[in-house]
Amino acid sequence: MPKATGTAQATGTAKSAKAAKPAKPAKAATSARATKAAKPAKAPAVPEAAAAASGAESRTALVRRARRINRALAEVYPYAHPELDFENPFELLVATVLSAQTTDLRVNQTTPALFAAYPTPEDMAAADPEALEQLIRPTGFFRAKARSLMGLSAAIRDRFGGEVPGRIEDLVSLPGVGRKTAHVVLGNAFGRPGITVDTHFGRLVRRWKWTEATDPEKVEAEICALFPKSEWTMLSHRVIFHGRRICHSRRPACGACPIAPLCPSYGEGETDPEKAEKLLKYEKGGKPGQRLKPPPDYPGLPAPPLGGDDA
């Protein structure tokens, strides 16, 4: 009897184990379906982009691919421009200093009242610090920025005859002015080519494997070496436009990106075209841009003034 009982128990155990076996394939199939559903679209990479992604790209191929991207961006953004409102070199210099740690939109909403109160370096140098601070408060860090604005205005008045200098060596000698600000002013107010390495530019050129550098001056030097000097200023605008509109920091709209075939980082963002379309910003998303007074050929909408619907 004990033996029979043991046999029965063994038989029951075997039956239970046998019955449980089909559950494993079913679970695996479910997992496979989930994996298949979550799998991103295959990157439409051209051979050059694939080589860049694998780290096997030659210098010649890098230059060729970088210039192809620049040409493609020129077709996508033929209207690319500085997104700060200005009418003269002094206004552009002041607006660029104010743009640190804030948006161009917020600067553009702030500068009309600022320039109405202080239209020249002489006026701004003689400003009451507290009054100046209140005018630029919306841009953040207003005390430090006010000191820089008054300092650079006094330097322009005293050292450069009231005129914004047109050499990078002179510009970077002004309080609060670094190479990025100097290149913005030189390229857009004086027509002298330069690369503007802001956060968008640095992020995209690393994403495209044009450089691995993080130091802005090293990035500037390496990117300058890839392009003819005549392209530097407009390249900066195009890359920054693309970074603000499509190739975002957290969720790039890969599925709506016109240069996806050339990008070695395709797939870092949303690859579904319909979902990617919803991530587009500014004129690409049918919304206002950052300038209250955009150029005549800008296809988007003007930004609202301060106090308007700028959420």
If you check every pair at least six apart or on different chains, which have Cβ atoms under 9 Å apart with a residue in segment 106-124 that is within 14 Å of SER153 (Cα to Cα) first and a residue that is hydroxyl-bearing (Ser, Thr, Tyr) and open to solvent by less than 60 Å² (accessible area, probe 1.4 Å) second? TYR118/SER153; THR120/SER153; PRO121/SER153; GLU122/SER153; ASP123/SER153; MET124/TYR118; MET124/SER153
Of all residues being outside any helix (DSSP H, G or I) and among the small types (Gly, Ala, Ser) in segment 266-288, which is surrounded by the most Cβ atoms within 10 Å (Cβ to Cβ)? Just the residue, please. GLY269
Does segment 208-227 hold any residues that are open to solvent by 60 Å² or more (accessible area, probe 1.4 Å) and closer than 18 Å to VAL63 by Cβ, and which are they? LYS209, GLU212, LYS218, ALA221, GLU222, ALA225
Being at pLDDT 95 or above, under 27 Å from PRO216 (Cβ atoms), in contact with a Gly (Cβ under 8 Å, 6 or more places away or on another chain) and in a helix (DSSP H, G or I), is that true of even one residue in segment 128-143? no
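Every residue, every condition in (1) within 15 Å of GLU220 (Cβ to Cβ); (2) open to solvent by less than 40 Å² (accessible area, probe 1.4 Å), yes or no:
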{"position": "GLY161", "(1), (2)": "no, no"}
{"position": "GLY166", "(1), (2)": "no, yes"}
{"position": "VAL172", "(1), (2)": "yes, no"}
{"position": "GLY178", "(1), (2)": "yes, yes"}
{"position": "HIS183", "(1), (2)": "yes, yes"}
{"position": "GLY191", "(1), (2)": "no, no"}
{"position": "THR199", "(1), (2)": "yes, no"}
{"position": "GLY202", "(1), (2)": "yes, yes"}
Can you list residue pairs whose Cβ atoms sit under 6 Å apart, with the first residue in segment 290-311 being basic (Lys, Arg) and the second being modelled with pLDDT of 95 or more and not in a loop (DSSP other than H, G, I, E, B)? Count only pairs 6 or more apart in sequence or on different chains. ARG291/ASN108
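Name the residues in segment 97-124 that are over 16 Å from LYS180 (Cβ atoms) and open to solvent by 20 Å² or more (accessible area, probe 1.4 Å), would you?
Within segment 97-124, LEU105, ARG106, PRO112, ALA113, PHE115, ALA116, ALA117, TYR118, PRO119, THR120, GLU122, ASP123 qualify.
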Being farther than 30 Å from PRO305 by Cβ and modelled with pLDDT of 50 or more, is that true of even one residue in segment 19-40? yes
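The values are calculated or read from the model by the stated rules, or taken from the named source; none is laboratory data. Treat the numbers as computed from the prediction; the structure is a model and nothing was measured. Please note: Cβ atoms are built from the backbone with ideal geometry, for glycine as well, and neighbour counts cover all protein chains shown. Surface accessibility is based on the protein's heavy atoms, side chains included, excluding ligands, DNA and RNA. Shrake-Rupley method; radii C 1.70, N 1.55, O 1.52, S 1.80 Å.
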